[in-house]
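Novice: Below: one structure in structure tokens.
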Amino acid sequence: MSAAPTTRPTVTEREARQVAEAAREQDWRKPSFAKELFLGRFRLDLIHPHPLPAQEDVQRGEEFLAKLRDFCETKIDSARIEREAQIPDEVIDGLKELGALGMKIDTKYGGLGLTQVYYNKALALVGSANPAVGALLSAHQSIGVPQPLKLFGTQEQKDTFLPRCARTDISAFLLTEPDVGSDPARLATTAVPDGDDYVLDGVKLWTTNGVIADLLVVMARVPKSEVHKGGITAFVVEAGSEGITVENRNAFMGLRGLENGVTRFHRVRVPAANRIGPEGAGLKIALTTLNTGRLSLPAMCVGAGKWCLKIAREWSGAREQWGRPLALHEAVGSKISFIAATTFALEAVLDLSSQMADEDRNDIRIEAALAKLYGSEMACLMADELVQIRGGRGFETAESLRARGERAVPAEQILRDLRINRIFEGSTEIMHLLIAREAVDAHLSVAGDLIDPDKTLQDKARAGANAGVFYAKWLPKLVAGPGQLPASYGQFKHGIDLSPHLRYVERHARKLARSTFYAMSRWQGRMETKQGFLGRVVDIGAELFAMSAACVRAELLRSRGEHGREAYQLADAFCQQARVRVDELFGRLWSNTDELDRKVVKGVLAGSYEWLEEGVIDPSGEGPWIADAAPGPSQKENVRRPVR
């Protein structure tokens with residue numbers, strides 16, 4: 001057996017981009033509402049009428065939700081989890097008995113076979129009881145062993161591992177390393193072939209569920225050779241294997257019950273039969289898994305929004321200031337309106353994206369990414385507004401409130417717990433770039449060779465011809481559309497008129513496409529460095545998608561006689577608020593401080609402003625910025641704690 005490399009791969013910026021590009025799902029075999037939206041085409045027909053689940057799926061889902069609600073109300077003590085920074089074993093055992101580990105696993109493997117819609121409803125419910133419990137279930141099923149095996153596993157792997165995941169075994173996903181985050185090209189953990197096995201060496205960081213996991217999905221680099229394609233590859237690994245050490249249980253500002261750790265692999269033997277997919281397919285498997293797996297985070301954000309609304313309503317109605325309930329003061333009322341309208345829109349985005357995932361008629365990779373991005377950002381804003389509405393009590397812990405005789409409202413905790421969602425499963429900044437890449441895919445497909453320095457003149461000439469044909473058809477369609485016709489979308493007028501909002505979406509989708517095209521023409525190959533611009537483009541698309549989903553959901557509820565008038569009011573309020581944000585974002589596309597910011601950053605890195613740091617004490621002390629992750633045997637105690 002050859003020795004595992006001991007140095008981290010040296011990767012150029014271009015090579016890193018190539019690795020990420022190769023992992024992308026290249027083809028668009030199904031329609032995508034969000035993809036069309038970024039191209040300036042408002043395809044309302046793809047989402048309206050709102051798709052609906054089958055009645056048997058609804059019945060199975062509702063029956064489980066009833067059991068889960070009873071369990072959450074009677075068995076989950078959120079205050080205890082916060083106090084002890086650990087989910088009690090009996091809670092985890094109870095979730096296993098309930099079948100909650102197998103919500104997304106097919107019934108033939110012992111799972112519950114819930115749809116994505118009801119899986120998300122379950123996560124919202126559990127997450128409202130305690131977000132750390134929601135994170136445990138989400139990490140296990142959305143990115144842990146069940147989902148990649150469902151999509152890419154062999155029948156033998158499914159038969160072996162899925163029944164365990166459905167009832168008894170907790171799984172974790174291990175990609176990140178101490179010096180590798182969103183740039184997997186530099187992955188250092190190796191899997192060296194040795195007969196019928198692979199031998200794993202390396203260190204993984206932030207292994208959610210890793211402290212208590214029974215099964216792991218591990219991403220490792222297989223060295224290239226004459227008989228091995230090599231590349232980043234996915235494996236199912238038994239967590240109790242010899243050579244695996246959980247070296248630390250990490251602690252965070254929120255999600256105090258999270259079983260997240262540092263895991264070291266030293267000469268860990270993994271059967272080749274446990275490899276998921278071919279060698280080199282690991283990143284593609286991870287990204288494809290996340291296409292729907294990302295919907296678990298906005299699910300818990302929706303649950304948080306609902307709770308924030310409940311507390312804001314009850315508190316601001318009971319609390320009086322200057323002779324009036326707090327809610328009737330406009331400064332507070334605007335915050336409550338924002339929470340209510342945004343919660344409605346987030347649920348609309350989540351349910352629409354989830355139902356489309358269940359039907360599998362549309363490609364929802366952009367929709368799911370937008371739901372994650374938008375949900376995580378807006379949920380943090382809602383929680384922050386709740387803390388402000390609660391005033392000093394919002395900053396006070398629930399335990400302190402209880403101790404002095406008041407209702408133990410964990411407002412500050414929800415703010416801390418939600419903050420990680422802007423980082424989990426792709427930070428906001430990475431999501432901006434990921435979505436932007438998908439949004440301009442059509443342009444790069446026809447004109448990408450024009451700005452690629454490695455392409456020949458012949459390639460560029462061919463790309464120029466293809467681009468000419470594409471843009472000759474596409475650009476004229478961005479000039480006018482239904483959004484300019486007063487009668488368009490009249491089916492959304494029932495007392496309250498939502499049709500102006502849909503016309504706004506249609507007009508501004510075309511405007512967004514024109515702006516993107518202009519930027520690509522202006523910056524060409526430098527476009528990928530304009531991350532501020534790309535982020536605003538994506539944020540505009542997210543707002544337009546949320547407006548569309550809110551209107552479609554309101555019409556669905558009206559047509560079914562389910563709070564239709566109130567749903568129209570919430571959709572109208574959300575769209576009015578969103579339009580203010582969209583108008584501001586469009587203004588900031590071209591009027592911003594991006595260039596000046598770059599100059600300041602260079603000055604900061606050069607030490608030009610070190611004088612500004614004088615007059616403070618740095619309490620962080622000494623130590624490396626990034627811990628040593630050199631392969632080798634562990635020197636620490638194994639803190640793995642399987643729950644059996």
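The values are calculated or read from the model by the stated rules, or taken from the named source; none is laboratory data. Owing to the predicted nature of the structure, the values given are computational and were not obtained by experimental measurement. Don't worry about glycine lacking a Cβ; one is built from the backbone with ideal geometry, like all the others, and counts go over all protein chains shown. Only protein heavy atoms, including side chains, enter the accessible area calculation; ligands, DNA and RNA are left aside. Shrake-Rupley method; radii C 1.70, N 1.55, O 1.52, S 1.80 Å.
Novice: Taking H as built 1.01 Å from N, whose amide H comes closer than 5 Å to the amide H of E259, not counting residues under 5 places away?
Specialist: N209
Novice: When only Cα pairs under 8 Å and 6 or more residues apart are kept, what is the percent relative contact order across the range 305-461?
Specialist: 18
Novice: Another question about this same structure. Specify whether the C-alpha gyration tensor of the range 425-546 places it in the rounded, prolate or oblate class, a ≥ b ≥ c being the square roots of the eigenvalues: rounded for a/c under 1.5, otherwise prolate if a/b is larger than b/c and oblate if not.
Specialist: The shape class here is oblate.
Novice: According to the Cα gyration tensor, what semi-axes, each the square root of 5 times an eigenvalue, does the equivalent ellipsoid of the range 112-256 have, listed from largest to smallest in whole Å?
Specialist: Rounded to whole Å, the semi-axes are 27, 19, 14.
Novice: Among DSSP bridges having both ends in the chain, what percentage is antiparallel? Round to the nearest 5.
Specialist: Among the beta bridges of the chain, antiparallel pairing accounts for roughly 85 percent.
Novice: Once phi is turned into θ = phi - 60°, what whole-Hz ³J(HN,Hα) does the Karplus curve with 6.51, -1.76 and 1.60 give for every residue of the range 333-347, x standing for Gly and Pro?
Specialist: Computed from phi, the couplings for the range 333-347 are x, 5, 5, 5, 4, 4, 5, 5, 5, 6, 4, 4, 5, 4, 5 Hz.
Novice: From the phi of every residue in the range 181-186, what ³J(HN,Hα) in whole Hz does the Karplus formula 6.51 cos²θ - 1.76 cosθ + 1.60 yield, where θ is phi - 60° and glycine or proline is x?
Specialist: Coupling constants for the range 181-186: x, 8, 10, x, 4, 9 Hz.
Novice: Using only C-alpha atoms and all pairs of different ones, pull out the Kirkwood radius for the range 27-123 in Å with one decimal.
Specialist: One decimal place: 16.4 Å for the Kirkwood radius.
Novice: Taking K602 as the anchor, which aspartates and glutamates have their alpha carbon closer than 20 Å to its alpha carbon, excluding any fewer than eight residues away along the same chain?
Specialist: E13, E429, E528, D594, E610, E613, E614
Novice: Projecting each Cα onto the charge dipole of the range 456-591 (Lys/Arg +1, Asp/Glu -1 at the beta carbon, about the Cα centre), which of L512, A465, W523 comes out farthest on the positive side?
Specialist: A465
Novice: Can you check what the net charge comes to around Y609, using other residues whose Cβ is under 14 Å from the Cβ of Y609 (Lys, Arg +1; Asp, Glu -1)?
Specialist: -2
Novice: Enter the Cα centre distance for the pair the range 400-457 and the range 69-106, rounded to the nearest angstrom.
Specialist: Cα centroid of the range 400-457 versus Cα centroid of the range 69-106: 28 Å apart.
Novice: Provide, for q = 0.18, 0.24 Å⁻¹, the log10 of I(q)/I(0) from a solvent-free Debye sum over equal Cα point scatterers in the range 374-489.
Specialist: Results for the range 374-489 at q = 0.18, 0.24 Å⁻¹ read -0.96, -1.18.
Novice: In whole Å and largest first, what semi-axes does the C-alpha gyration tensor of the range 447-501 yield when each eigenvalue is scaled by 5 and square-rooted?
Specialist: The three semi-axes for the range 447-501 are 43, 11, 6 Å.
Novice: Let me make sure I get this right: for the range 542-644, a, b and c are the square roots of the gyration tensor eigenvalues over alpha carbons, sorted descending. Under 1.5 in a/c it's rounded, otherwise prolate if a/b > b/c, else oblate. Which is it?
Specialist: Oblate.
Novice: With just the Cα atoms of the range 78-170, tell me how far they stretch along each of the three principal axes, in Å, largest first.
Specialist: 43, 25, 19
Novice: Under a cut-off of 24 Å between alpha-carbon atoms, report the lysines in cross-link reach of K158, not counting same-chain residues fewer than 8 places apart.
Specialist: K96, K104, K108, K150, K284
Novice: Hey, what did the range 179-306 get for relative contact order, percent, Cα under 8 Å, at least 6 apart?
Specialist: Relative contact order of the range 179-306: 27 percent.
Novice: Let me ask you something else. Report, as a whole number in µm² per second, the diffusion coefficient that Stokes-Einstein gives for the range 38-194 at 25 °C and 0.890 mPa s using the Kirkwood radius over alpha carbon pairs.
Specialist: Estimated diffusion coefficient is 138 µm²/s.
Novice: Set Lys and Arg Cβ to +1 and Asp and Glu Cβ to -1, take the dipole of the chain about its Cα centre, and tell me which of F71, A286, G303 lies farthest positive.
Specialist: Towards the positive end, the residue furthest out is G303.
Novice: Compute the signed sum of charges (Lys and Arg +1, Asp and Glu -1) over the other residues within less than 10 Å, Cβ to Cβ, of R83.
Specialist: Here the count lands on -2.
Novice: Whole-Hz ³J(HN,Hα) for each residue in the range 473-482, computed from phi via Karplus 6.51 cos²θ - 1.76 cosθ + 1.60 with θ = phi - 60°, x for glycine and proline: what do you get?
Specialist: Calculated HN-Hα couplings, in order: 8, 7, 4, x, 6, 8, 7, 9, x, x Hz.
Novice: Something else: Tell me, what are the semi-axes, in whole angstrom and largest first, of the equivalent ellipsoid of the chain as set by the roots of 5 times the Cα gyration tensor eigenvalues?
Specialist: Calculated on Cα positions only, the semi-axes equal 37, 34, 26 Å.
Novice: Using a simple charge model, +1 on the beta-carbon of Lys and Arg, -1 on the beta-carbon of Asp and Glu, nothing else, what dipole does the range 466-605 show about its Cα centre, in debye to the nearest 20?
Specialist: Its charge dipole is roughly 460 debye.
Novice: Normalised by the residues of the chain, what does the relative contact order come to in percent, with Cα pairs under 8 Å and at least six apart?
Specialist: Normalised by residue count, the contact order of the chain is 17 percent.
Novice: Sticking with this structure for a sec: How big is the dipole moment of the chain about its Cα centre under a simple scheme where the beta carbon of each Lys and Arg is +1, that of each Asp and Glu is -1, and everything else is neutral? Debye, nearest 20, please.
Specialist: Using Cβ point charges on Lys, Arg, Asp and Glu, the chain gives about 1460 debye.
Novice: Now a separate question. Just check the range 246-355 against the gyration tensor rule for me: Cα atoms, a ≥ b ≥ c as the square roots of the eigenvalues, rounded for a/c under 1.5, and otherwise prolate or oblate depending on whether a/b exceeds b/c.
Specialist: Oblate.
Novice: Applying a 10 Å radius around every beta-carbon, put 539-547, 463-471, 625-633 in order of their mean neighbour count, most first.
Specialist: 539-547, 463-471, 625-633
Novice: Another question, then. Can you give me the % of accessible surface on the range 492-569 that is carbon or sulfur? Probe 1.4 Å, all protein chains present, nothing else counted.
Specialist: 45
Novice: Take each of the peptides 554-563, 95-104, average the number of other beta-carbon atoms within 10 Å over its residues, and list them starting from the highest.
Specialist: Those peptides, ordered most packed to least, come out 95-104, 554-563.
Novice: Order 480-487, 418-425 from most to least packed using the mean count of other Cβ atoms within 10 Å.
Specialist: Sorting 480-487, 418-425 by mean packing, highest first, produces 418-425, 480-487.
Novice: To the nearest 20 Debye, how big is the dipole of the range 204-336 about its Cα centre, given +1 on the beta carbon of each Lys and Arg and -1 on that of each Asp and Glu?
Specialist: Magnitude of the dipole: close to 240 debye.
Novice: Positive end of the dipole of the chain, charges at C-beta (+1 Lys, Arg; -1 Asp, Glu), about the Cα centre: which of W590, M382, I617 has its Cα farthest in that direction?
Specialist: Of the options given, the answer is W590.
Novice: In terms of modelled amide H atoms, which long-range or inter-chain residues lie less than 5 Å from the amide H of F173?
Specialist: Here T208, V217 satisfy the definition.
Novice: Also, I was wondering about something else. Rounded to the nearest 500, what is the chain's calculated 222 nm mean residue ellipticity when only DSSP H runs of at least 4 contribute -39500 (n - 2.57) each, over all residues?
Specialist: -17000 deg cm²/dmol, from helical runs alone.
Novice: I would also like to ask the following. First obtain the Kirkwood hydrodynamic radius of the range 165-250 from its Cα pairs, then insert it into the Stokes-Einstein equation at 4 °C and 1.567 mPa s, and state the resulting D in µm² per second as a whole number.
Specialist: Here the translational diffusion coefficient equals 95 µm²/s.
Novice: A further question on this structure: Can you give the convex hull volume per residue for the Cα atoms of the range 273-426, as a whole number of Å³?
Specialist: 134
Novice: Follow-up question, since we're still on this one. Quick one: order D384, D441, D452 from most to least accessible surface, probe 1.4 Å.
Specialist: Largest accessible area first, the residues go D384, D452, D441.
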